[in-house]
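These notes concern the structure reproduced below.
The values are calculated or read from the model by the stated rules, or taken from the named source; none is laboratory data. Keep in mind the model is a prediction, meaning the values are calculated, not measured. FYI the Cβ positions are ideal-geometry reconstructions off the backbone, even for glycines, and counts take in every protein chain you see.
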Amino acid sequence: MLVSSCSENAKRLLIATGIGCGTGLAFGAVYDEMQRAKDGKERKKLENQVFNVFKKKKAQNNGKIVGLAAGCAAGLGTGLYLNMMKEDIKQNFGKDGIELEDVKDRNGDITALKVKMDGDIAFENGKSDLKGTGKANIDKLSEALLAYPDTNLAVTGHANKTGSESVNLKLSESRAKEVVSIMSDNGVEKARVTSVKGLGSDQPLPGKSPADGANRRVEVEILPKS
């Protein structure tokens, strides 16, 4: 339900969000309004209204991804866009060895989303090809990325410390490339991938020993397009 105190531009934004940012809607005026309000309470009120409408839309969608069309991020702003994406896709994650977490700046605003895979589920020791559940998780991630085209990706591979570091470095990079390859096969444009790298075994998970199999993982950071 639209709030009566909303301006016409805010109503347009709410309506657009409620139908997944329908093609052809003009976001220029919406963007101007959000920018004018960005330092005040009015912007926060607009964001809350939009987010609540989106949550209702999600609840009505029987668990399916709603998505936002290309160009929506300009009208919504980075933080709200990523918040809506997280709300939309989190039900598909948080189980079967995949986690979704916020990346925030010093002001507490969301600047990116990070997808983390459990290495024990995703990769066998010394291998870079994804196992069954790991492959299924990347398929789920690909579906989400196709529904949110105003994002780029940074993909980082890791290894557990069971071999030489030179081997682990190559292995971690191969794992990152494997994930990119599967996403590409699923229709995610390679041009959206801004970084693909391997860090070897240098960054074990907090609370895990370097040799723990959970460190055989790939992390995908979802970033707003610049």
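Just one of the listed residues (44, 55) is at pLDDT 80 or above, part of a helix (DSSP H, G or I), under 20 Å from residue 102 (Cα atoms) and charged (D, E, K, R), namely 55.
Select from region 171-192 the residues that are in contact with a strand residue (DSSP E or B) (Cβ under 7 Å, 6 or more places away or on another chain) and among the basic types (Lys, Arg) and write down the one among them that is surrounded by the most Cβ atoms within 10 Å (Cβ to Cβ). If we take residues in region 171-192 being in contact with a strand residue (DSSP E or B) (Cβ under 7 Å, 6 or more places away or on another chain) and among the basic types (Lys, Arg), then 175 is surrounded by the most Cβ atoms within 10 Å (Cβ to Cβ).
Taking region 43-98 as the search range and keeping residues that are of a type in the set (Gly, Ala, Ser) and closer than 29 Å to residue 118 by Cβ, which one is farthest from the chain's Cα centre (by Cα)? That would be 59.
Looking only at residues that are over 15 Å from residue 198 (Cβ atoms) and surrounded by fewer than 18 Cβ atoms within 10 Å (Cβ to Cβ) in region 117-128, which one is farthest from the chain's Cα centre (by Cα)? For region 117-128, the residue satisfying everything is 125.
For every residue, the table says whether it meets (1) modelled with pLDDT of 90 or more; (2) surrounded by 19 or more Cβ atoms within 10 Å (Cβ to Cβ); (3) not in a strand (DSSP E or B).
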site: 48; (1), (2), (3): no, no, yes
site: 75; (1), (2), (3): no, yes, yes
site: 111; (1), (2), (3): yes, no, no
site: 134; (1), (2), (3): no, yes, yes
site: 141; (1), (2), (3): yes, yes, yes
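Taken residue by residue, region 16-32 has no member that is within 19 Å of the chain's Cα centre (by Cα), at pLDDT 80 or above and not assigned by TED's automatic domain parsing to the domain that holds residue 225.
The set of residues in region 202-215 that are in a loop (DSSP other than H, G, I, E, B), under 18 Å from residue 126 (Cβ atoms) and in contact with a His (Cβ under 7 Å, 6 or more places away or on another chain) is empty. Residue 148 meets each of the listed conditions (1) of a type in the set (Ser, Thr, Tyr); (2) over 11 Å from residue 220 (Cβ atoms); (3) in contact with a Gly (Cβ under 9 Å, 6 or more places away or on another chain); (4) at pLDDT 95 or above apart from (4). Being closer than 27 Å to residue 73 by Cα and either in contact (Cβ under 8 Å) with a residue 12 or more places away in the chain or aromatic (Phe, Trp, Tyr) (or both) is a property that residue 109 has.
Only one entry in 178, 189, 143, 219 is outside the structural domain of residue 87 (by TED's automatic domain parsing), in contact with a His (Cβ under 9 Å, 6 or more places away or on another chain) and closer than 30 Å to residue 66 by Cβ, namely 219. Only one of the numbered conditions (1) part of a strand (DSSP E or B); (2) closer than 22 Å to residue 91 by Cα; (3) among the aliphatic types (A, V, I, L, M) is violated by residue 188, and that is (1).
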